[in-house]
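K.L.:
Before we start, here is the structure in question, set down as structure tokens.
The values are calculated or read from the model by the stated rules, or taken from the named source; none is laboratory data. All values reported here derive from a predicted model rather than from experimental measurement. Don't worry about glycine lacking a Cβ; one is built from the backbone with ideal geometry, like all the others, and counts go over all protein chains shown.
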């Protein structure tokens, strides 16, 4: 009880440093929102007690409610609710970033100003990866020691504890990954908007830190700075999959699968299947003996893309996954569809009822259609596979990793996977909007089981065969430590599967 209460108190205390919005909410309003949040998670989430018991969840709720004495600002309310959302250990369930917390005013035209650096955490040192500020003194590899008088260690602990993204289950590596990836927004969320940052930094090869005052910048300025200062940096996030031969002597190719996402920019499916087929044709034409499949930072997307890729690595039909809904979740999904006018929305709700009509032993309504997948007829790959993964390998990418591993395919290098090994809560989503603060929570409604054999691997997340972290020398030389290690494995003909 004391441990949980202390944790909640710390979360609330962090907000005292932040610039708060003018509006505040009574203790009664906050408690009402908290109760709605608790009840909706219990009612609609497909597996709220997979990683926490119902009693622990109730105990945490009571502890949070007990800390609410008087009025809270919006930012304080956000941090008060966050531990309850985090507690269920679902990487697809998260507090959504409210624009009111990312700007000084309600104006849609106002752009929030952020900490103007991309950072990496190497050997517990926070290092500058790219400098988007107007000041050129801070170069790649510069260690940030303090920000506004706060030691980096304390900052990272606070941001990690209050990250709105995380992996599945008890997954510290995934939480660290998202803390660094979302560093700018998390720092803003914690401290509020600042015009300047006072930074204590240390250049590579020096001992004594220096101090500099850096102006905060909005995303538009930083994008322009990226184009001018880093013209050779590949920032293409629309290219989903790429291929290149990196060692023709040892017949090594790298396939980088960045995403399985739907093309939201053009509101259509990307040509993932077509591009992937071309790649596997090239693997065969070039007689590739060692394939490096890079899934680091792949946060998932369409399950169909993941299973399409998986079909190149097997010669037997397989069950891809099982998708099911609780009665309440399916009903909420239908109601969400009905909020939209038009024939399509009505037909979608009707199709849900017709398709999800088979009740399993756990009481979930599953699809009546088989998800049996057969191998591709051509260009199947059966040589050595090395899979690169990290805390950002999540959702549909975690499905691919789990299925490959369970099928006995691949040697796994990097850091632990961000997604659970046996399945996740995803597929369809709904938004909980709290009645008083209007804060929103993204909530998955579907339960996805990966149909893996737990006798082959019984841990909740997949750990690599070879854990490899980036090192400082490689970072300063702009080299990929994990890829170098994998190439060394191939050179020495080392593989696990």
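K.L.:
Could you tell me whether residue 133 is surrounded by 14 or more Cβ atoms within 10 Å (Cβ to Cβ) and either farther than 20 Å from residue 158 by Cβ or outside the structural domain of residue 169 (by TED's automatic domain parsing) (or both)?
P.N.:
Answer is yes for this residue.
To keep it simple, each residue is scored yes or no on (1) over 30 Å from residue 293 (Cβ atoms); (2) part of a helix (DSSP H, G or I); (3) assigned by TED's automatic domain parsing to the domain that holds residue 418.
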| site | (1), (2), (3) |
| --- | --- |
| 145 | yes, no, no |
| 166 | no, no, no |
| 170 | no, no, no |
| 178 | no, yes, no |
| 200 | yes, no, no |
| 222 | yes, yes, no |
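K.L.:
Another question about this same structure. If the requirement is being farther than 22 Å from residue 272 by Cα and surrounded by fewer than 16 Cβ atoms within 10 Å (Cβ to Cβ), which of these qualifies: 429, 475?
P.N.:
The match here is 429.
K.L.:
Assuming residue 437 fulfils every condition listed in (1) over 23 Å from residue 87 (Cβ atoms); (2) in a loop (DSSP other than H, G, I, E, B) apart from one, which condition is it?
P.N.:
It fails just one condition, (1).
K.L.:
Moving on. Look at segment 441-497 and say how many of its residues are farther than 26 Å from residue 246 by Cα and not in a loop (DSSP other than H, G, I, E, B).
P.N.:
The qualifying residues number 10.
K.L.:
Among the helices (runs of 4 or more DSSP H) contained in segment 1-90, which hold 2 or more residues that are in contact with a strand residue (DSSP E or B) (Cβ under 7 Å, 6 or more places away or on another chain), farther than 18 Å from residue 189 by Cβ and modelled with pLDDT of 95 or more? Explain how you work it out, then say what you get.
P.N.:
Numbers: elements: 2-14, 27-44, 54-67, 74-87.
Here the list reads 27-44.
K.L.:
Under the condition of being within 11 Å of residue 422 (Cβ to Cβ) and either touching a helix residue (DSSP H, G or I) at 6+ places or on another chain (Cβ under 7 Å) or modelled with pLDDT under 95 (or both), which residue from segment 448-458 is surrounded by the most Cβ atoms within 10 Å (Cβ to Cβ)?
P.N.:
450
K.L.:
From the list 164, 115, which residue is closer than 24 Å to residue 418 by Cα and in contact with a helix residue (DSSP H, G or I) (Cβ under 8 Å, 6 or more places away or on another chain)?
P.N.:
164
K.L.:
If you scan segment 231-265, which residues turn out to be at pLDDT below 90 and either more than 30 Å from residue 488 (Cα to Cα) or in contact with a helix residue (DSSP H, G or I) (Cβ under 6 Å, 6 or more places away or on another chain) (or both)?
P.N.:
In the first step, residues of segment 231-265 are kept if they are at pLDDT below 90; the result is 231-240, 261-265.
231, 238, 240, 261, 262, 263, 264, 265, listed by residue number.
K.L.:
Oh, and also: For segment 108-130, name all the residues that are outside any loop (DSSP other than H, G, I, E, B), touching a strand residue (DSSP E or B) at 6+ places or on another chain (Cβ under 6 Å) and within 18 Å of residue 188 (Cα to Cα).
P.N.:
The answer is 113, 117, 118, 119, 120, 126, 128.
K.L.:
Okay, next question. Take the residues in segment 298-344 that are in a helix (DSSP H, G or I) and farther than 23 Å from residue 366 by Cβ; name whichever of them is farthest from the chain's Cα centre (by Cα). Even if it seems obvious, please write down each step before you answer.
P.N.:
Just the residues of segment 298-344 that are in a helix (DSSP H, G or I), to begin with: 303-313, 327-338, 343-344.
Next, only the ones that are farther than 23 Å from residue 366 by Cβ stay: 309, 312-313, 343-344.
Values: 309: 21, 312: 26, 313: 26, 343: 34, 344: 31 Å.
Taking the candidates together, the pick is 343.
K.L.:
Being closer than 30 Å to residue 251 by Cα and either surrounded by 15 or more Cβ atoms within 10 Å (Cβ to Cβ) or under 28 Å from the mean Cα position of the chain (by Cα) (or both) is the filter here, so list the residues in segment 364-385 that pass it.
P.N.:
Scanning segment 364-385 gives 373, 375, 376, 379, 380, 381, 384, 385.
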